[in-house]
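Taking it in order: structure first as structure tokens, then the write-up.
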Amino acid sequence: MKKYVIALDEGTTSVRAGVYDVEKGMFIHRAQQDVGQSFPRSGWVEQDANEIYYKSMYVLNDCVQAAGAENVAGIGIANQRETVVFWNRDTGEPVCPAIVWQCRRTGKFCESIEAPMRKKIKEKTGLLPDAYFSASKIKWNLDNIPEARKLMGEGKLCAGTVESFIVFRLTGRFLSDYTNASRTMLFDIKKLCWDKELCEFFGIPLGILPQPVACDGDFGSVRFGGKQIPITGVLGDQQAALFGQACYREGDGKITYGTGLFMLFHTGDKCISSDSGLLTTIAYTLNGKTSYALEGSAFNAGSAVQWLRDGIGLIQTSGESEELACSVSDSGGISFVPAFTGLGAPHWNSEARALLTGISRGTTKAHIVRAVLESIAFSARDLAECMIRDSGICLREIKCDGGASANSFLMQFQADTLGIPVDRPQERESTLLGASLLSAVSLGLLRSDEIETRRVSEKIFKPSPNRKKFDDLYNSYLFAVKRALMTE
Ligand code: ADP
């Protein structure tokens, strides 16, 4: 009996793979390769799609060797979303650099989209028009890369996101799963198809786009020696983390505390439109059923801790922030707003900048460090309040992952300010786990109602009964946010 699945996580700065033992519910082997980025102009971010592919093959081969191809039932893929790759349908070779999700080169164009079209985009795709999503990046390549236009004329151009390129190179099929398609700003998330009107608006012919399929669709097989291993599950990285955290019921939510902060909140089969600037997105389509999520993100979370460490040298290591924060009983009246690059939902202000308020002669570095950690939890509360307001669904608890979730002070403070438990899992690579579980469920090795049993809590942070104290602190933070928004 084949007992393993292999998951591949196509991250922005690294590709990782893991061999997941479905019976034992654990990874038995992992491999990782860093991936480079280039910044040819201010605000531009590019990657070499071939480097992504060859490093993916390297980690995949490493894992197949460790597991033995005959023991691997299937492969699951999770990936950085929105990034655009153009390649030649005949050769599979990239035509130009991949435009990475962080790239702002199409910012001006997206700002110029007029109100009626903005409304249509939001209604159909659940997204707010922005350079972040794939559509304007595809348009940019078509407008600026002569080779792309030539190939398009010959019917040989493929334009897709990272999973689409990797699947094409591995199996020869030109497909995109619904979660990745839902991040392009071209996909109707209720009808589950490319939207003709939006494609026309961005000047993108349907013929250059992949065929959208469910996350457990037929993605073809990869040959390893004499063995064929099928790809049995594909989804975007944040959705994979949601799945890996066993958030598969309405009201389940997770927060990933990385450089930035990503909150996804499962809304069941309800496709809820947000009035607060959150995104509506597909959580996954599995066994013919589509689940939706509300998504909110804060641009700065762990990056604020990095700033304490590398920017102003208040701490030597990120981990030291916990010790310092715990050395004082409160932030001594200090509030911090982590608006280094503006503020996202629900404030949406790209001009706002970070702010530290309430400094007195008694202020120590421990107070400042504590206020910075508290501000990360408050940004998450901002998002959670939007989610509850927009959906009317009550949040029972939050699952956490990402680098900064290692900080127990932050997780306890998060539970206290949200007033709900925060549950930290033993396996913190939720993305890799999500891709593994999806692949296993799709193969019938695991039932979807068994996913929850695969998630083991390392610690559950219970909220303090003193709600007023934490509401008062949040209100002080909101007051500081108001001041950060007073830009001229
Ligand atoms: P990404 O995937 O976005 O690169 P990671 O999930 O690897 O991010 O998390 C890295 C971030 O987590 C860094 O910004 C770092 O400052 C922060 N971080 C790591 N450990 C801690 C800690 N113990 N306390 C607070 N922040 C931490």
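The values are calculated or read from the model by the stated rules, or taken from the named source; none is laboratory data. Only a predicted model underlies this, so the values are computations on that prediction, with no experimental measurement involved. As a convention, Cβ positions derive from the backbone with ideal geometry for all residues, glycine included, and neighbour counts pool all protein chains shown. For the accessible areas, the whole protein counts, side chains as well, though only heavy atoms, and no ligand, DNA or RNA atoms are used. Shrake-Rupley method; radii C 1.70, N 1.55, O 1.52, S 1.80 Å.
Relative contact order for the stretch 1-119: what percent, with Cα pairs under 8 Å and sequence separation of 6 or more?
28
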What are the radius of gyration and Dmax of the stretch 1-110, computed over its Cα atoms and given in Å? 16.5, 55
Summed over the other residues with a beta carbon less than 13 angstrom from that of residue 412, with K and R at +1 and D and E at -1, the charge totals 0
Under Stokes-Einstein, the chain at 20 °C and 1.002 mPa s, with its Kirkwood radius over C-alpha pairs, diffuses with a coefficient in µm²/s of 93
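Using a 1.4 Å probe on the protein heavy atoms, what percent of the accessible area of the chain belongs to carbon and sulfur?
With neighbouring chains kept in place, the figure for the chain is 50 percent.
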From the backbone phi of the stretch 76-93, what are the Karplus-calculated ³J(HN,Hα) couplings (6.51 cos²θ - 1.76 cosθ + 1.60, θ = phi - 60°) in whole Hz, Gly and Pro given as x? x, 10, 10, 8, 4, 9, 6, 4, 10, 10, 10, 9, 8, 4, 6, 9, x, 7
Going by alpha carbons, how many degrees (0 to 90, nearest 10) lie between the helix axis of 49-67 and the longest principal axis of the chain? 90
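When you count, for each residue, the other Cβ atoms within 10 Å and take the mean per peptide, how do 161-170, 439-448 rank with the highest first? Walk me through the numbers before you get to the answer.
Values: 161-170: 26.6, 439-448: 20.6.
Result, highest mean Cβ count within 10 Å first: 161-170, 439-448.
If I take every Cα pair under 8 Å that is 6 or more residues apart in the stretch 365-451, average their sequence separation and divide by the length, what percent do I get for the relative contact order? Working shown, then result.
Values: 59 pairs, mean separation 23.6, N = 87.
RCO, the stretch 365-451: 27 percent.
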I need to check one value: relative contact order of the chain, counting alpha carbon pairs closer than 8 Å and at least 6 residues apart, in percent. 14
Nitroxide proxy distance, nm - points 7 Å out along Cα→Cβ at residue 389 and residue 365: 3.8
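May I ask you to derive the FRET efficiency for residue 120 and residue 144 from their Cβ-Cβ distance with R0 = 35 Å, giving the value to the nearest 0.05?
FRET efficiency, residue 120 to residue 144: 0.85.
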Calculate how steeply helix 408-418 sits against the longest principal axis of the alpha-carbon atoms of the chain, using the helix alpha-carbon long axis, and give the answer as 0 to 90 degrees to the nearest 10. 80
For a quick protection proxy, order the peptides 30-41, 194-205, 380-391 by their average other-Cβ count within 10 Å, most packed first. 380-391, 194-205, 30-41
If the only charges are +1 at each Lys and Arg Cβ and -1 at each Asp and Glu Cβ, what is the size of the charge dipole of the chain around the Cα centre, to the nearest 20 debye? 300
What pairs from 139/270; 191/254; 119/196; 2/24; 191/270; 119/190 go past 19 Å between their alpha carbons? 139/270; 191/254
With x for Gly and Pro, the residue-by-residue ³J(HN,Hα) of the stretch 318-328, computed from phi through the Karplus equation 6.51 cos²θ - 1.76 cosθ + 1.60 at θ = phi - 60° and given in whole Hz, is 4, x, 4, 4, 5, 4, 5, 4, 6, 7, 10
Cβ-based net charge around residue 321, under 12 Å, with every Lys or Arg adding one and every Asp or Glu removing one: -1
Point-charge dipole on Cβ atoms (K/R +1, D/E -1) for the stretch 204-331, about Cα centre, debye to 20: 580
Could you sort the peptides 224-230, 46-52 by per-residue average Cβ neighbour count (10 Å cutoff), highest mean leading? 46-52, 224-230
With a 1.4 Å probe and all protein chains left in place, how much accessible area per residue does the chain have, in Å²? 39
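Extension gain residue 486-residue 224, at 0.36 nm per residue separation less the Cα-Cα distance, in nm?
So the extension gain works out to 88.4 nm.
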Does the stretch 369-488 come out rounded, prolate or oblate by the C-alpha gyration tensor, with a ≥ b ≥ c the root eigenvalues, rounded set by a/c under 1.5 and, if not, prolate when a/b is larger than b/c and oblate if not? prolate
Rounded to the nearest 10, the angle in degrees between the Cα long axis of helix 134-144 and the longest principal axis of the Cα atoms of the chain comes to 60
